[in-house]
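The block underneath contains the structure these notes are about, expressed in structure tokens.
The values are calculated or read from the model by the stated rules, or taken from the named source; none is laboratory data. Predicted model only: the values in this text are computed from it and were never measured. Cβ atoms come from the backbone with ideal geometry, glycine included; neighbour counts cover every protein chain shown.
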Amino acid sequence: MTAAPIIRSLADIELIEQTPLAARDLPASTYELIQRSAARHPQAPALSFILQGTADEQAYRLSYSELLGKITQTANAFHRLGLRPGKAVSFLLPNLPQTHFTIWGGEAAGIVNAINPLLDAEHIAELIHASDSELLVTLAPFPGTDLWAKVEALRGQLPNLKEVICVDMANLLPEPQRSAVKAQRGGLPQGVLDFDELIATCPADHLESGRQFQADDIASYFHTGGTTGTPKLAPHSHRNEVAMACSMSFVTRFGPGDVALCGLPLFHVNGVIVTGLTAFYSGAEVLLATPQGYRNTALMADFWSIIERYKVSFFSGVPTIYAGLLQVPSEGRDLSSLRYALCGAAPMPMELIRQFEAKTGLTLLEGYGLTEGTCGSCANPIGGERRPGSIGLRMPYCEVAIKVLDEQGNYLRDAAQNEIGNLCIRGATVFKGYLQTSKNEGIWVDGDWFNTGDLGRLDADGYVWLTGRSKDLIIRGGHNIDPQMIEEALHKHPAVALAAAVGKPDLKAGELPVVYVQLKPGQSVSEADLLSHAAAHIPERAAVPKDVWIIEAIPVTPVGKTFKPALRFDAIRRVYESVLADLDDKIRVEVLSDDQLGQVAHIHSPQLDEALQQTIAERLAGFAVRHRLHHDA
């Protein structure tokens with residue numbers, strides 16, 4: 001493969017697209033994509049794994065030919081168990097080499113259904129049922145993990161589940177720890193299959209199915225719509241995933257010898273596609289950094305040592321990761337292999353970008369994507385101007401447009417330059433609709449454009465700016481939270497008439513869930529009691545609100561719908577006033593809509609001298625919401 005051209009501007013993207021995707025001789029499937037890389041670079045490192053997260057441990061490493069062999073064996077094992085094209089195998093796993101075998105082997109044999117292991121058993125069962133899976137790959141009992149307990153709790157709810165296959169993490173331990181763990185635990189639970197033993201009996205050099213792939217065959221299901229509420233499954237075709245890897249390769253510019261560190265979970269498209277398939281497409285190496293990824297405290301404490309030892313050239317994260325890494329000393333570490341890092345999932349405060357780049361010397365690229373678009377749709381150009389606060393230019397072969405819709409969500413017209421509207425995407429990387437057809441109402445506008453639910457604008461140079469969300473998702477450190485479940489939990493309280501959950505700004509997580517409550521006439525209850533009630537009735541810990549604020553009346557639209565923008569603005573006001581309260585008791589914060597920026601906090605004070613301005617700027621620098629200062633006479 002020739003080196004990808006450096007993207008500096010929209011003109012470079014248009015130049016790339018002068019060669020249509022159809023003329024790029026892309027493989028028909030993800031399996032053939034990995035096959036091609038194995039043919040080109042059979043002995044090059046493809047996948048490395050560190051279990052503990054320390055710089056001095058011995059890594060498990062596979063070459064491209066070995067990785068292809070493991071994936072082929074896994075596909076054959078699934079095929080022998082009855083998996084066929086159009087049928088799904090679900091997996092419930094942390095980040096392990098076997099997770100990659102399961103993903104790409106599952107796609108080679110049928111469809112792979114990725115499930116977040118942090119969900120409660122009820123939601124896991126819903127996703128397995130919705131995908132109509134007869135096979136489940138999960139983790140065998142292992143010290144410090146609870147996945148097997150969850151699987152045991154839900155097996156009775158899944159009568160269609162024919163086989164449970166367990167990955168034994170003890171097999172990844174060095175001796176004598178491996179034998180000690182197995183001796184203490186005993187054998188695997190009755191009636192389950194051992195993953196490593198199962199695939200070892202299968203051929204590694206060919207697919208026993210003899211499958212002929214079609215690019216439009218469904219490869220995977222990824223769940224979306226937050227971690228609470230009714231799950232939506234987004235099917236991705238092989239064409240979607242291969243086209244995404246091709247498009248992303250122009251952004252990441254991976255090549256043989258590059259190392260992409262994966263710390264994001266493999267149930268999420270970022271971990272699977274950016275630090276997975278895109279690296280494999282380009283012949284680079286994936287370093288799988290511990291089962292827990294960035295949630296591993298040892299990994300984070302030793303992060304810069306690991307970058308140095310493995311000569312990592314790229315990693316991808318969310319704002320909370322970068323905020324955490326700012327606290328980890330990097331002095332004396334050789335970080336020269338690091339070229340850049342990618343940040344997505346939530347707005348990145350400009351001050352955080354500045355601090356991180358000053359500390360590490362690497363370039364931080366902000367991007368944007370979503371599950372329905374297979375992964376990425378926009379990114380700041382590596383070789384051109386990065387505009388802080390913008391999600392950058394559309395990626396090659398990813399069409400992005402701003403559409404103006406009416407109150408019912410119907411298309412009116414395309415937005416003018418810098419006019420705010422609904423951010424819509426289409427192209428080879430965009431899915432064809434949710435698996436549950438009931439979820440597809442209103443998702444397409446102006447023909448085949450997918451309405452992301454985000455609001456944004458396009459400037460004269462093609463840079464995309466997010467200005468808000470017409471969806472109500474709360475994004476906590478890149479973790480999607482559906483406000484509906486928070487609201488439903490509060491509505492179960494006998495004193496509550498109405499509840500509306502939104503996100504409040506937070507320096508570390510970007511947003512934290514809060515809920516506004518309107519009480520029934522004549523009722524009385526404390527905010528502390530409502531918080532306790534919420535904690536007891538919300539199954540997802542990340543979704544438990546940080547504050548409950550009782551107000552006289554929830555604001556509504558003329559047709560009686562809850563008007564959440566007013567509540568989001570009020571939450572910003574409360575946070576900013578709290579942060580600034582000790583500076584001047586006459587400081588007043590007013591949050592208003594802005595045609596260009598979406599929302600701006602206006603800080604009013606009669607004492608606004610230069611020192612106070614500087615202090616306010618320092619305190620608010622880490623927040624994503626912009627502010628303006630006003631001197632009130």
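A compact table of results
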| read-out | value |
| --- | --- |
| Output for region 341-376, where each listed residue is at pLDDT 90 or above and farther than 20 Å from Ala509 by Cα | Thr371, Glu372, Gly373, Thr374, Cys375, Gly376 |
| Single unsatisfied condition, Leu352 versus (1) closer than 21 Å to Ser48 by Cβ; (2) buried (at least 20 other Cβ atoms within 10 Å of the Cβ); (3) touching a helix residue (DSSP H, G or I) at 6+ places or on another chain (Cβ under 8 Å) | (1) |
| Matching residues, region 178-200, being in a helix (DSSP H, G or I) and of a type in the set (Val, Ile, Thr) | Val181, Ile199 |
| Selection from region 419-446 of residues that are at pLDDT below 95 and on the phi > 0 side of the Ramachandran plot | Gly442 |
| Checklist (1) exposed (fewer than 15 other Cβ atoms within 10 Å of the Cβ); (2) without any contact (Cβ under 8 Å) to a residue 24 or more places away in the chain; (3) not aliphatic (A, V, I, L, M) applied to Pro555, failing item | (1) |
| Condition met for Ser532 (part of a loop (DSSP other than H, G, I, E, B), modelled with pLDDT of 90 or more and within 22 Å of Ala489 (Cβ to Cβ)) | no |
| Breaking point among (1) surrounded by 13 or more Cβ atoms within 10 Å (Cβ to Cβ); (2) modelled with pLDDT under 90; (3) of a type outside the set (A, V, I, L, M, F, W, C); (4) not assigned by TED's automatic domain parsing to the domain that holds Pro494, for Asp585 | (1) |
| Residue ranges of strands (runs of 3 or more DSSP E) in region 399-476 with at least 2 members of a type in the set (Phe, Trp, Tyr) and closer than 21 Å to Ala243 by Cα | 449-458 |
| Gln607 modelled with pLDDT under 90 and under 23 Å from Val502 (Cα atoms) | no |
| Condition check for Gln214: touching a residue at least 12 places away in the same chain (Cβ under 8 Å) and in a loop (DSSP other than H, G, I, E, B) | yes |
| Lone unmet requirement of (1) in a helix (DSSP H, G or I); (2) surrounded by 20 or more Cβ atoms within 10 Å (Cβ to Cβ); (3) modelled with pLDDT of 90 or more for His123 | (3) |
| Count - residues of region 357-398 that are out of contact with any Cys (no Cβ under 9 Å at 6 or more places or on another chain) and assigned to a helix (DSSP H, G or I) | 6 |
| Pair list, Cβ under 8 Å, 6 or more apart: region 608-626 residue surrounded by 13 or more Cβ atoms within 10 Å (Cβ to Cβ), other residue of a type in the set (D, E, K, R) and in a helix (DSSP H, G or I) | Ala621/Glu351; Gly622/Glu351 |
| Scope region 258-293; condition surrounded by fewer than 24 Cβ atoms within 10 Å (Cβ to Cβ), modelled with pLDDT under 95 and more than 13 Å from Leu96 (Cβ to Cβ); matching residues | His268 |
| Selection within region 142-172 - closer than 23 Å to Arg61 by Cα and either acidic (Asp, Glu) or surrounded by fewer than 14 Cβ atoms within 10 Å (Cβ to Cβ) (or both) | Asp168 |
